1. Can you name the residue in region 92-104 that is in a helix (DSSP H, G or I) and touching a residue at least 40 places away in the same chain (Cβ under 8 Å) and, of all such residues, is surrounded by the most Cβ atoms within 10 Å (Cβ to Cβ)?
2. Among the residues that make up region 64-83, is at least one of them more than 28 Å from Ser163 (Cα to Cα) and aromatic (Phe, Trp, Tyr)?
3. Between a first residue in region 59-72 that is touching a residue at least 60 places away in the same chain (Cβ under 8 Å) and a second residue that is buried (at least 24 other Cβ atoms within 10 Å of the Cβ), which pairs have beta carbons less than 9 Å apart while being 6 or more apart in sequence or on different chains?
4. In this structure, does Ala27 turn out to be crowded, with 19+ Cβ neighbours inside 10 Å and among the small types (Gly, Ala, Ser)?
5. Is it the case that Val47 is of a type in the set (A, V, I, L, M), surrounded by fewer than 21 Cβ atoms within 10 Å (Cβ to Cβ) and touching a helix residue (DSSP H, G or I) at 6+ places or on another chain (Cβ under 9 Å)?
6. Of (1) in a helix (DSSP H, G or I); (2) at pLDDT below 95, Asp128 satisfies all except one. Which?
7. Step by step: first the residues of region 133-177, then only those that are surrounded by 13 or more Cβ atoms within 10 Å (Cβ to Cβ) and in a loop (DSSP other than H, G, I, E, B), then the one that is modelled with the lowest pLDDT. Which residue is that?
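The values are calculated or read from the model by the stated rules, or taken from the named source; none is laboratory data. Computed from a predicted structure; not experimentally measured. As a convention, Cβ positions derive from the backbone with ideal geometry for all residues, glycine included, and neighbour counts pool all protein chains shown.
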Amino acid sequence: MLLQCAAFGAVTAVLIVALGPLTHSIALVSPVVYSLVGSVSSLGPLVAARWIRAPGSLLLTALVASLLALPFTALGFLIVAALGLPALAAELVLLASRFYPRPREAFWYLASAVLALVLFTISLVVIDPAVMSPWVVVFTFIGRMLSVLLLAAVAVRIEQALSRAGIRRRYRGRTGS
């Protein structure tokens, strides 16, 4: 599990660093548009949670991604909180719903919505007060929710594609060969 989380985290870190200049520019221009684009950093942890299906995989992947991207982002150490807190919230929902032993789609999307809610709350702290208005808040919330739920659906598709490609999961209790 650790190696898989590290691999998904590394891909996520590369994505964060590669899109960094674009996302920072968008964040300065429009918080609403950023809410749609900035959520892409959640894709790797969401895919890891779907594929690995082990408690802690979402959180561990987010933490690995944040630590790898840390030296290359303008956020510095704040990236650990920006990726870790939403992942922790989603992980708690998945654990409480017993998603890992018995996956149910409703709980998957509930956990993703909670992740989006925490991301939205974090983004409220960094929105420039000069552009803050009720409409900006509402559309930022809608943007976060839509983008993370879309990424959750993409994670399901990636999981299915990996299975169709013949890549096997690690199953618990199974002796290796």
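1. Let us first name the residues in region 92-104 that are in a helix (DSSP H, G or I), namely 92-96.
Those left that are additionally touching a residue at least 40 places away in the same chain (Cβ under 8 Å): 94-95.
Values: Leu94: 25, Leu95: 15.
If we take residues in region 92-104 being in a helix (DSSP H, G or I) and touching a residue at least 40 places away in the same chain (Cβ under 8 Å), then Leu94 is surrounded by the most Cβ atoms within 10 Å (Cβ to Cβ).
2. Restricting attention to region 64-83, the residues satisfying the condition of being more than 28 Å from Ser163 (Cα to Cα) are 67, 69-82.
With aromatic (Phe, Trp, Tyr) added as a condition, the list becomes 72, 77.
Yes, that holds for at least one residue.
3. Listed pairs, sorted by first residue: none to list.
4. Details: crowded, with 19+ Cβ neighbours inside 10 Å: yes; among the small types (Gly, Ala, Ser): yes.
So Ala27 fits the description; yes.
5. Numbers: of a type in the set (A, V, I, L, M): yes; surrounded by fewer than 21 Cβ atoms within 10 Å (Cβ to Cβ): no; touching a helix residue (DSSP H, G or I) at 6+ places or on another chain (Cβ under 9 Å): yes.
When the stated conditions are applied, Val47 does not pass them.
6. It fails just one condition, (1).
7. Arg170
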